[in-house]
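I'd like to ask some things about the structure below.
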Amino acid sequence: TAYWVLSYSDVQIQIVAVQEEVAGLDQKIRIDEAKASRLDALKVEYAAIEHDLIRLQEELPPEEEAALLLRQISEMGRPKDLELTKWTPKGRAEHETGLYVALPVDVNMTGGYHEIATFFDQIRVLKRVVSVTGATLGGATVEDKSSGSVQVGGSASAQSGKKGMRIKASFTVTAYASPRRSQESDVPAP
(Lines give C-alpha, C1' and ligand atoms only; values in the text may rest on other atoms or scores of the structure.)
Protein backbone atom coordinates (compact mmCIF):
# COMPACT_ATOMS: atom_id res chain seq x y z
CA THR A 1 0.00 0.00 0.00
CA ALA A 2 2.81 2.41 0.65
CA TYR A 3 3.92 1.90 -2.91
CA TRP A 4 0.44 2.60 -4.16
CA VAL A 5 0.21 5.83 -2.11
CA LEU A 6 3.54 7.07 -3.47
CA SER A 7 2.57 6.17 -7.04
CA TYR A 8 -0.84 7.74 -6.62
CA SER A 9 0.78 10.85 -5.17
CA ASP A 10 3.08 11.21 -8.22
CA VAL A 11 0.19 10.70 -10.61
CA GLN A 12 -1.89 13.23 -8.68
CA ILE A 13 0.92 15.80 -8.99
CA GLN A 14 1.12 15.14 -12.72
CA ILE A 15 -2.65 15.50 -13.07
CA VAL A 16 -2.59 18.88 -11.27
CA ALA A 17 0.25 20.08 -13.49
CA VAL A 18 -1.58 18.98 -16.65
CA GLN A 19 -4.79 20.65 -15.41
CA GLU A 20 -2.90 23.92 -14.81
CA GLU A 21 -1.36 23.66 -18.25
CA VAL A 22 -4.80 23.05 -19.80
CA ALA A 23 -6.22 26.04 -17.90
CA GLY A 24 -3.37 28.24 -19.19
CA LEU A 25 -3.92 27.02 -22.75
CA ASP A 26 -7.68 27.64 -22.43
CA GLN A 27 -6.97 31.22 -21.33
CA LYS A 28 -4.57 31.70 -24.24
CA ILE A 29 -7.23 30.33 -26.62
CA ARG A 30 -9.81 32.80 -25.26
CA ILE A 31 -7.34 35.68 -25.71
CA ASP A 32 -6.47 34.55 -29.25
CA GLU A 33 -10.18 34.14 -30.10
CA ALA A 34 -10.84 37.70 -28.89
CA LYS A 35 -7.97 38.95 -31.06
CA ALA A 36 -9.25 36.95 -34.03
CA SER A 37 -12.75 38.40 -33.63
CA ARG A 38 -11.20 41.89 -33.93
CA LEU A 39 -9.10 40.89 -36.94
CA ASP A 40 -11.69 41.92 -39.53
CA ALA A 41 -12.21 45.29 -37.85
CA LEU A 42 -8.44 45.79 -37.65
CA LYS A 43 -8.06 44.93 -41.35
CA VAL A 44 -10.67 47.57 -42.24
CA GLU A 45 -8.95 50.09 -39.97
CA TYR A 46 -5.58 49.26 -41.52
CA ALA A 47 -6.95 49.74 -45.04
CA ALA A 48 -8.38 53.14 -44.06
CA ILE A 49 -5.08 54.22 -42.52
CA GLU A 50 -3.19 53.02 -45.59
CA HIS A 51 -5.56 55.02 -47.84
CA ASP A 52 -5.04 58.13 -45.67
CA LEU A 53 -1.28 57.64 -45.85
CA ILE A 54 -1.35 57.52 -49.66
CA ARG A 55 -3.51 60.66 -49.77
CA LEU A 56 -1.24 62.49 -47.33
CA GLN A 57 1.87 61.45 -49.26
CA GLU A 58 0.31 63.00 -52.36
CA GLU A 59 -0.31 66.24 -50.46
CA LEU A 60 3.04 66.22 -48.66
CA PRO A 61 5.49 64.74 -51.15
CA PRO A 62 9.12 63.90 -50.51
CA GLU A 63 11.34 66.97 -50.45
CA GLU A 64 12.86 66.23 -53.85
CA GLU A 65 9.40 66.21 -55.47
CA ALA A 66 8.49 69.50 -53.77
CA ALA A 67 11.53 71.13 -55.36
CA LEU A 68 10.26 69.93 -58.75
CA LEU A 69 6.80 71.24 -57.86
CA LEU A 70 8.30 74.70 -57.34
CA ARG A 71 9.81 74.49 -60.81
CA GLN A 72 6.39 73.60 -62.23
CA ILE A 73 4.84 76.55 -60.41
CA SER A 74 7.42 78.88 -61.93
CA GLU A 75 6.48 77.57 -65.38
CA MET A 76 2.71 77.87 -64.81
CA GLY A 77 2.70 81.62 -65.55
CA ARG A 78 4.83 81.61 -68.66
CA PRO A 79 2.20 80.82 -71.30
CA LYS A 80 -0.33 83.18 -69.67
CA ASP A 81 1.37 86.49 -70.48
CA LEU A 82 2.99 86.66 -67.05
CA GLU A 83 6.58 87.78 -66.80
CA LEU A 84 8.53 86.23 -63.95
CA THR A 85 10.99 88.92 -62.86
CA LYS A 86 12.28 87.39 -59.60
CA TRP A 87 12.58 83.85 -58.28
CA THR A 88 14.69 83.75 -55.12
CA PRO A 89 14.72 80.61 -52.94
CA LYS A 90 14.86 81.51 -49.24
CA GLY A 91 16.25 78.20 -48.06
CA ARG A 92 14.96 75.09 -46.44
CA ALA A 93 13.15 75.46 -43.11
CA GLU A 94 12.47 72.25 -41.19
CA HIS A 95 9.64 72.44 -38.68
CA GLU A 96 10.69 71.90 -35.07
CA THR A 97 8.73 68.61 -34.95
CA GLY A 98 10.66 67.28 -37.93
CA LEU A 99 7.41 66.24 -39.60
CA TYR A 100 7.73 68.57 -42.59
CA VAL A 101 9.95 71.14 -44.26
CA ALA A 102 9.02 74.42 -45.90
CA LEU A 103 10.68 75.46 -49.14
CA PRO A 104 9.85 79.18 -49.56
CA VAL A 105 10.63 81.21 -52.67
CA ASP A 106 10.26 84.98 -53.09
CA VAL A 107 8.57 85.75 -56.40
CA ASN A 108 7.96 88.92 -58.40
CA MET A 109 5.94 88.86 -61.61
CA THR A 110 4.25 91.29 -63.94
CA GLY A 111 1.06 90.70 -65.87
CA GLY A 112 -2.62 91.41 -66.18
CA TYR A 113 -4.76 91.31 -63.05
CA HIS A 114 -6.82 88.37 -64.30
CA GLU A 115 -3.73 86.42 -65.36
CA ILE A 116 -2.19 86.87 -61.91
CA ALA A 117 -5.47 85.87 -60.23
CA THR A 118 -5.64 82.78 -62.47
CA PHE A 119 -2.06 81.93 -61.51
CA PHE A 120 -2.96 82.09 -57.80
CA ASP A 121 -6.07 79.98 -58.44
CA GLN A 122 -3.96 77.32 -60.17
CA ILE A 123 -1.75 77.17 -57.09
CA ARG A 124 -4.85 76.91 -54.87
CA VAL A 125 -6.16 73.81 -56.65
CA LEU A 126 -2.87 71.88 -56.59
CA LYS A 127 -3.07 68.54 -54.77
CA ARG A 128 0.16 69.38 -52.99
CA VAL A 129 0.42 71.54 -49.88
CA VAL A 130 1.51 74.94 -51.17
CA SER A 131 0.86 78.38 -49.71
CA VAL A 132 1.09 81.91 -51.04
CA THR A 133 1.83 84.57 -48.44
CA GLY A 134 2.69 88.26 -48.37
CA ALA A 135 1.05 88.99 -51.72
CA THR A 136 1.15 92.62 -52.80
CA LEU A 137 -0.13 94.05 -56.07
CA GLY A 138 0.87 97.45 -57.43
CA GLY A 139 2.96 99.42 -59.88
CA ALA A 140 0.28 99.44 -62.59
CA THR A 141 1.26 100.41 -66.12
CA VAL A 142 -0.73 100.64 -69.34
CA GLU A 143 0.97 98.94 -72.25
CA ASP A 144 0.11 99.76 -75.84
CA LYS A 145 0.16 96.27 -77.33
CA SER A 146 0.35 97.47 -80.92
CA SER A 147 3.46 99.64 -80.56
CA GLY A 148 5.09 98.22 -77.46
CA SER A 149 5.18 101.61 -75.70
CA VAL A 150 4.39 101.80 -72.01
CA GLN A 151 2.46 104.55 -70.20
CA VAL A 152 2.59 104.76 -66.41
CA GLY A 153 -0.80 105.35 -64.76
CA GLY A 154 -3.52 106.67 -67.02
CA SER A 155 -7.28 106.97 -67.01
CA ALA A 156 -9.83 104.27 -67.77
CA SER A 157 -10.26 105.64 -71.29
CA ALA A 158 -6.53 105.19 -71.91
CA GLN A 159 -6.99 101.49 -71.20
CA SER A 160 -9.41 100.85 -74.07
CA GLY A 161 -8.57 99.52 -77.51
CA LYS A 162 -5.26 97.75 -77.83
CA LYS A 163 -3.90 98.83 -74.49
CA GLY A 164 -3.47 96.41 -71.60
CA MET A 165 -3.05 97.04 -67.87
CA ARG A 166 -0.05 95.33 -66.32
CA ILE A 167 0.57 95.19 -62.59
CA LYS A 168 3.42 93.93 -60.46
CA ALA A 169 2.84 91.13 -57.97
CA SER A 170 5.22 90.20 -55.16
CA PHE A 171 4.64 87.21 -52.92
CA THR A 172 6.23 84.20 -51.29
CA VAL A 173 5.21 80.75 -52.51
CA THR A 174 6.03 77.93 -50.11
CA ALA A 175 5.93 74.23 -50.94
CA TYR A 176 5.72 71.85 -48.00
CA ALA A 177 7.25 68.39 -48.05
CA SER A 178 8.22 65.46 -45.91
CA PRO A 179 11.88 65.86 -44.97
CA ARG A 180 14.56 63.87 -46.72
CA ARG A 181 17.26 62.05 -44.83
CA SER A 182 20.17 64.25 -45.88
CA GLN A 183 20.28 67.91 -44.89
CA GLU A 184 21.14 69.24 -48.37
CA SER A 185 18.55 71.39 -50.15
CA ASP A 186 18.28 72.28 -53.79
CA VAL A 187 15.43 74.60 -54.69
CA PRO A 188 15.55 74.78 -58.46
CA ALA A 189 15.78 78.01 -60.37
CA PRO A 190 12.97 78.57 -62.83
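The values are calculated or read from the model by the stated rules, or taken from the named source; none is laboratory data. These figures come from a predicted structure and were not determined experimentally. Counting neighbours? That spans all protein chains shown, and the Cβs are built from the backbone with ideal geometry, glycine included. Calculation scope for accessible area: heavy atoms of the full protein, side chains included, ligands and nucleic acids excluded. Shrake-Rupley method; radii C 1.70, N 1.55, O 1.52, S 1.80 Å.
Output ³J(HN,Hα) for the range 37-53: one whole-Hz value per residue in order, computed from phi by the Karplus curve 6.51 cos²θ - 1.76 cosθ + 1.60 with θ = phi - 60°, and x for Gly and Pro.
Going residue by residue, I get 5, 8, 4, 4, 5, 5, 5, 5, 4, 4, 4, 5, 5, 5, 4, 4, 4 Hz, with x marking Gly and Pro.
In nm, what is the difference between 0.36 nm times the number of residues separating THR141 and VAL22 and their Cα-Cα distance?
33.8 nm
Can you compute the radius of gyration and Dmax for the range 60-101, using only the Cα atoms, both in Å?
Looking at the range 60-101, its Cα Rg and Dmax stand at 13.1, 40 Å.
Compute the length gained on full extension between ALA47 and ILE15: take 0.36 nm times their separation in residues and subtract their Cα-Cα distance, giving the result in nm to one decimal. Intermediate values should be presented prior to the final figure.
Numbers: separation 32, 0.36 × 32 = 11.52 nm, distance 4.70 nm.
Extending this stretch completely gives an extra 6.8 nm.
For a label point 7 Å from the Cα of GLU94 along Cα→C-beta, name the residues of the range 46-76 whose backbone N is under 14 Å from it.
Those under the cut-off are 63-64.
Roughly how compact is the range 1-128, stated as its Cα Rg over 2.2 N^0.38 Å to two decimals? Spell out each step's value before the answer.
Details: Rg = 33.7 Å, N = 128, 2.2 N^0.38 = 13.9 Å.
With N residues counted in the range 1-128, Rg over 2.2 N^0.38 Å equals 2.42.
How large, in percent, is the carbon and sulfur part of the accessible surface of the range 1-123 at a probe radius of 1.4 Å?
On the way: 5170 of 8750 Å².
Here it works out to 59 percent.
State in Å² the accessible area per residue of the range 55-147; use a 1.4 Å probe, count heavy atoms of protein chains only, and round to the nearest integer.
57 Å²
Grab the Cα-Cα distance for HIS114 and SER131, subtract it from 0.36 nm times how many residues apart they are, and report the gain in nm with one decimal. Provide the component values of the computation, followed by the final result.
Values: separation 17, 0.36 × 17 = 6.12 nm, distance 1.93 nm.
Result for the pair: 4.2 nm of gain on full extension.
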